[in-house]
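Please read the structure below before turning to the comments.
Taken together, the values in this text are just the output of simple stated rules run on the coordinates, not laboratory data. Predicted model only: the values in this text are computed from it and were never measured. Using ideal geometry, Cβ is built from the backbone for each residue, glycine included, and neighbour counts are taken over all protein chains shown.
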Amino acid sequence: MNDTVSVAVQSKSVSLRENLWLHSKAWDLTFISLSAGLVVLPFIAYEVSQYLLGIESVRAALNVETADVLDFSRNTVNGLIALLIGGPHMYATYTRTFLDTDFRKHHVKFLLGSLLLPVGVVYLGVANFQLLVTLFFFWASIHILHQITYILDCYSKKQAKPLSTSDRVLDYVVVFASLYPIGVWRMVTDNFSIGQIRLLLPDFILIKNNPLLGWGLFYTATLIFAVALALWLRRSYREFTRGELHMPKFLLMGLTIIVSFFIPSYQELDVAFQGFNTWHSFQYLGLTLYINRIRDQRGNIHTPLIHKISQAGKGWRFYAFNVGLALSTVVLIALLLLNKDALGFSFDQCYYIVVLSVLLMHYYHDHLLFTQTDIISGD
């Protein structure tokens, strides 16, 4: 009898621990947390490209001038990430919005509003490309961390003890603040560029022009992060000692803080961004497929195409479909590149005008989708 009770208690304990994961321990570690290791791939690709292009015979075979080695390396990284994971992840959004019959029916104005973004992208891409890249970079950083806080909210809803408003705010602050100490330092020291494009920052915040303000911004960003980190670590320790620490959530937050803190320290910021983007995109593809499968099992998907690519055991269909859509973006970029001299465009303009037309709509849609934590939490 005692053995039976003991087994039942242990079984219940294991069940409670398993319920803390979004899907399962193996799935969460693969797609959510330990996939942080993917961050290094763009750095490796960039450094390998730099090394190979340091060999004269390789440069000659690829017809790359010595002065163009840096641009060729970063454009290679951008292209590979865009095709294999970044592009598929942004198109995956549309399996829940544009391509979903029910979503189109209930969010007509929302979708029509998003169509204004490509118009703005094309206009700024021609009239003020520097401003376009600046807006994109800051929105991208917010979007990536917004996804993390969305996942954290999903984890929090699985806790037996509801998360207080102050604890939720602390989660948000420590995650968002982790990106800015080194990032702000690079801003105020005028070392913040995407490739050849210097981001459009006010000159009056630079230390060389206004030391008091420049240093003040850096110390403020650092202090906010340090205080938030200390409070979060203290809270986590107390939860651990009481046996209340949500380990999946703690692991994700810890990895996010480490990655986002150090990512701006890499000299080539667009390569650094692609590192973060690789992890983010892998998370997103896994989350979107999982959410679509839950919706399909509940009978909430009425679009045959989305139903077909969301079935269990057919994840390759979902990925292949989104890679196919990403290939259409590559074709559009290639068409612009073939006519860039006639249009008066640079390589970066051809790339960003096409990519951002789709990407910014993806950001916009996710601001709504990231409010729907009940799909995963099971509420």
Through the Karplus equation 6.51 cos²θ - 1.76 cosθ + 1.60, θ set to phi - 60°, convert the phi angles of the stretch 200-205 into ³J(HN,Hα) values in whole Hz; use x for Gly and Pro. 7, 10, x, 5, 6, 8
With Cα springs under 10 Å, the Gaussian network model of the chain assigns the largest mean-square fluctuation among TYR364, TYR266, TYR290 to TYR266
Hey, what number do you get for the chain at 222 nm if only DSSP H runs of n ≥ 4 count, each worth -39500 (n - 2.57), divided across all residues, to the nearest 500? -23000 deg cm²/dmol
By how many nm would the segment from ASP190 to GLN50 lengthen if fully extended, with 0.36 nm per residue of separation less the alpha-carbon distance? 47.9 nm
Just for the Cα atoms in the stretch 144-254, what are the lengths along the principal axes, largest first, rounded to whole Å? 52, 27, 20
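Sequence gap at least 6, Cα distance under 8 Å: using those rules, report the relative contact order of the chain to the nearest whole percent.
Values: 359 pairs, mean separation 120.3, N = 379.
Over the chain, the number comes to 32 percent.
Which order do the peptides 69-80, 300-311 take when ranked by the mean count of other beta-carbon atoms within 10 Å per residue, highest first?
On the way: 69-80: 18.5, 300-311: 16.1.
Highest-to-lowest ranking by the protection proxy: 69-80, 300-311.
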Just flag the trypsin sites (Lys or Arg not before Pro) in the stretch 125-218 sitting in loop per DSSP whose Cβ has no more than 12 other Cβ atoms within 10 Å. LYS208
With θ set to phi - 60°, apply the Karplus curve 6.51 cos²θ - 1.76 cosθ + 1.60 along the stretch 169-184 and write out the HN-Hα couplings as whole Hz, x wherever there is a Gly or Pro. 4, 4, 4, 5, 5, 5, 5, 5, 5, 5, 7, 9, x, 6, x, 5
Arranged by the count of other C-beta atoms within 10 angstrom, fewest first, what order do PHE250, PHE282 take? PHE250, PHE282
Given 0.36 nm per residue, what is the gain on full extension from LEU223 to SER166 after removing their alpha carbon distance, in nm? 18.6 nm
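FRET efficiency for SER328 and HIS307, Cβ-Cβ distance as r, R0 = 22 Å, nearest 0.05?
Details: r = 22 Å, r/R0 = 1.01.
With a Förster radius of 22 Å, E is 0.50.
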Using Cβ contacts closer than 10 Å as the measure, can you line up TRP27, TRP139 from fewest to most? TRP27, TRP139
Measuring from its Cα centre, the stretch 230-337 shows a charge dipole (+1 at each Lys and Arg Cβ, -1 at each Asp and Glu Cβ) which, in debye to the nearest 20, is 560 debye
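May I ask you to sort HIS362, HIS367, HIS23 by Cβ crowding, counting other Cβ atoms within 10 Å and putting the fewest first?
On the way: HIS362 21, HIS367 12, HIS23 17.
The order, fewest Cβ neighbours first, is HIS367, HIS23, HIS362.
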Listed residue (LEU338, MET361, LEU135) projecting farthest to the positive dipole end of the chain, Cβ model: MET361
If the chain between ILE258 and TYR237 were fully extended at 0.36 nm per residue, the gain over the current Cα-Cα distance would be 5.8 nm
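Size of the dipole of the stretch 21-377 about the Cα centre, Lys and Arg at +1 and Asp and Glu at -1 on the beta carbon, nothing else charged, in debye to 20? Could the numbers behind the result be given before it?
Details: 26 positive and 22 negative charges, 279 e Å.
Using only the charged Cβ atoms, the result is roughly 1340 debye.
Suppose R0 equals 35 Å. What FRET efficiency, 1/(1 + (r/R0)^6) with r the Cβ-Cβ distance, do ASN210 and ALA67 give to the nearest 0.05?
Working: r = 34 Å, r/R0 = 0.98.
That gives a FRET efficiency of 0.55.
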